[in-house]
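Reviewing the structure listed below.
The values are calculated or read from the model by the stated rules, or taken from the named source; none is laboratory data. This is a predicted model, so every value here is computed, not measured. Cβ coordinates were reconstructed from backbone atoms using ideal geometry, including for glycine residues, and neighbour counts include every protein chain displayed.
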């Protein structure tokens with residue numbers, strides 16, 4: 001079986017090929033949430049570069065800005081200050097429509113709460129993003145079958161989320177995230193609602209996804225999942241405070 | 001002849017479509033109960049006495065269905081009519097048939113206790129015995145025309161032919177004070193209030209329904225669905241639901257109009273038709289309902305779509 005996202009998918013070369021811009025390049029990202037009691041600064045000048053095929057784990061205490069950073073990287077939210085480039089394109093200048101297209105075709109999301117559509121079966125949940133992206137029916141079917149097989153749920157294709165366990169739902173969510181062969185997979189506490197054994201299965205699956213060519217950024221409290229990443233970026237109070245020395249990718253805190 | 005009961009004359013109201021009869025409208029309880037034979041009913045008592053005491057066959061009279069039922073009368077029986085509320089100078093009449101009074105929304109609550117007499121009989125009944133010319137004259141006569149539009153021409157024609165006669169149309173201009181026109185305006189006002197009220201209700205309902213789909217919309221936005229795409233889907237869904245709802249409403253109204261009419265006809269003892277779903281009404285319903293439904297869906301959905309994805313997905 002072909003992996004879900006490999007360089008020979010014809011999408012982009014892996015890191016080290018040289019010419020390709022980084023998948024995500026953030027510089028001085030700041031995010032301020034206006035609140036009735038006064039503005040809350042969630043991110044303070046975070047810079048990050050992520051090349052193809054890498055895996056990054058962002059860790060830190062609750063409220064330190066991990067999820068906010070992930071939302072900005074995934075074009076789910078917009079920064080108050082700073083710049084974000086997706087494959088060299090300035091995301092701050094993209095329209096809502098273009099940002100939606102980026103989320104649809106270049107970025108996959110996996111969340112703690114799975115966020116599967118409850119009225120759809122596992123098959124339909126995986127097929128939905130492909131349908132929105134305009135993939136032909138035969139290609140969609142083949143890809144959906146391939147992905148459900150890849151995450152080990154080929155026999156649960158017709159089941160709705162309510163008929164699946166937490167681990168199975170998360171695997172469907174991963175399959176859906178990979179549906180359009182994204183360049184980047186963003187995961188926010190993907191093992192947060194799973195028991196240890198099931199969490200390890202998900203960790204294995206993420207490992208495999210990354211090995212098969214998908215760039216991974218995971219926000220997690222799970223040390224097992226964090227240690228599997230090639231780089232671990234701890235955060236405190238909206239800042240990245242250190243980076244893995246083994247990494248070939250620059251991650252720094254602006255002004256630090 | 002001992003008159004122990006009488007039908008009280010209420011007033012001359014209108015000529016029936018058949019010009020040979022005039023109409024008597026009778027008070028709600030025109031028949032005074034007979035003391036001697038209550039078991040048979042007062043009217044039967046009267047007619048029995050009259051039948052026994054009248055040597056020649058009395059003139060015929062038509063009575064309204066309501067009067068027939070109210071008084072327990074039957075076709076063929078003889079009754080007494082009097083122009084005097086106390087029953088003085090009664091005249092016998094034989095019931096030759098009954099009729100359904102023309103439904104009149106202005107008289108919805110009143111019982112149509114009426115009778116139709118031949119004009120000469122009516123004149124004779126109404127005549128004052130102290131006035132020798134009483135049977136030769138009437139104070140006023142109502143004339144029903146086939147087409148009410150001819151009323152003005154008819155009255156002017158009569159006046160020109162009979163100097164001294166006052167002839168005026170009794171029916172108001174059809175577009176002004178006609179009861180049905182007034183009713184239709186009343187219905188229109190009710191319809192407008194209903195539409196405004198139901199639109200507000202629909203909007204609130206759709207806003208609640210949309211909020212139930214908050215997370216679904218958030219997920220769709222998260223995985224890359226555009227606002228425009230979601231709005232388009234809501235539009236198609238809203239259009240389908242609105243059309244289905246409008247068609248269902250029309251079919252439901254069509255199916256239940258008979259029940260509604262029968263209930264109110266029973267309740268008010270009238271042949272008046274209260275509900276009638278016509279093709280223009282059905283078309284108007286659909287023309288109003290579909291855009292309103294779609295608009296309500298779009299407005300409710302837009303309240304969700306304008307929020308950012310994180311807010312949509314937040315618990």
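Structure data summary
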| quantity | calculated |
| --- | --- |
| Residue identified as more than 12 Å from the chain's Cα centre (by Cα) and modelled with pLDDT of 95 or more among A:87, A:124, A:81, A:98 | A:124 |
| Selected residue (criterion: modelled with the lowest pLDDT) from residues of region B:228-252 that are under 17 Å from residue B:207 (Cβ atoms) and within 14 Å of another protein chain (Cβ to nearest Cβ) | B:237 |
| Flag for residue B:259 being modelled with pLDDT of 90 or more, in the same structural domain as residue B:206 (by TED's automatic domain parsing) and within 30 Å of residue A:72 (Cβ to Cβ) | no |
| Residue among B:284, B:315, B:267 that alone is closer than 25 Å to residue B:199 by Cα and modelled with pLDDT under 90 | B:284 |
| Single residue of region B:160-179 satisfying the filter (exposed (fewer than 11 other Cβ atoms within 10 Å of the Cβ) and modelled with pLDDT under 75) that is nearest to residue B:278 (Cα to Cα) | B:175 |
| Complete set of residues in region A:64-98 that are surrounded by 18 or more Cβ atoms within 10 Å (Cβ to Cβ), more than 9 Å from chain B (Cβ to nearest Cβ) and not in a strand (DSSP E or B) | A:64, A:65, A:66, A:69, A:70, A:72, A:73, A:75, A:79, A:91 |
| So residue A:139, is it more than 14 Å from every other protein chain (Cβ to nearest Cβ) and either at pLDDT below 95 or not in a strand (DSSP E or B) (or both) | yes |
| Residue in region B:192-199 that is in a helix (DSSP H, G or I), buried (at least 18 other Cβ atoms within 10 Å of the Cβ), touching a residue at least 40 places away in the same chain (Cβ under 8 Å) and away from chain A (no Cβ under 14 Å) present | no |
| Candidate set from region A:107-118 (those that are touching a strand residue (DSSP E or B) at 6+ places or on another chain (Cβ under 8 Å) and more than 9 Å from chain B (Cβ to nearest Cβ)); member that is surrounded by the fewest Cβ atoms within 10 Å (Cβ to Cβ) | A:112 |
| Members of region B:211-225 found to be surrounded by fewer than 22 Cβ atoms within 10 Å (Cβ to Cβ) and either under 49 Å from the mean Cα position of the chain (by Cα) or more than 10 Å from chain A (Cβ to nearest Cβ) (or both), listed by number | B:211, B:212, B:213, B:214 |
| Complete set of residues in region A:119-130 that are over 19 Å from residue B:213 (Cβ atoms) and either in a loop (DSSP other than H, G, I, E, B) or within 14 Å of another protein chain (Cβ to nearest Cβ) (or both) | A:126, A:127, A:130 |
| Criterion violated by residue B:68 - all others in (1) in contact with a strand residue (DSSP E or B) (Cβ under 7 Å, 6 or more places away or on another chain); (2) touching a residue at least 24 places away in the same chain (Cβ under 8 Å); (3) assigned to a loop (DSSP other than H, G, I, E, B) satisfied | (3) |
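Condition check ((1) more than 30 Å from residue B:111 (Cα to Cα); (2) more than 37 Å from the chain's Cα centre (by Cα); (3) surrounded by 13 or more Cβ atoms within 10 Å (Cβ to Cβ)) across all residues:
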residue: B:228; (1), (2), (3): yes, yes, no
residue: B:250; (1), (2), (3): yes, no, yes
residue: B:255; (1), (2), (3): no, no, no
residue: B:261; (1), (2), (3): no, no, yes
residue: B:264; (1), (2), (3): no, no, yes
residue: B:275; (1), (2), (3): no, no, yes
residue: B:295; (1), (2), (3): yes, no, yes
residue: B:299; (1), (2), (3): yes, yes, yes
residue: B:312; (1), (2), (3): yes, yes, yes
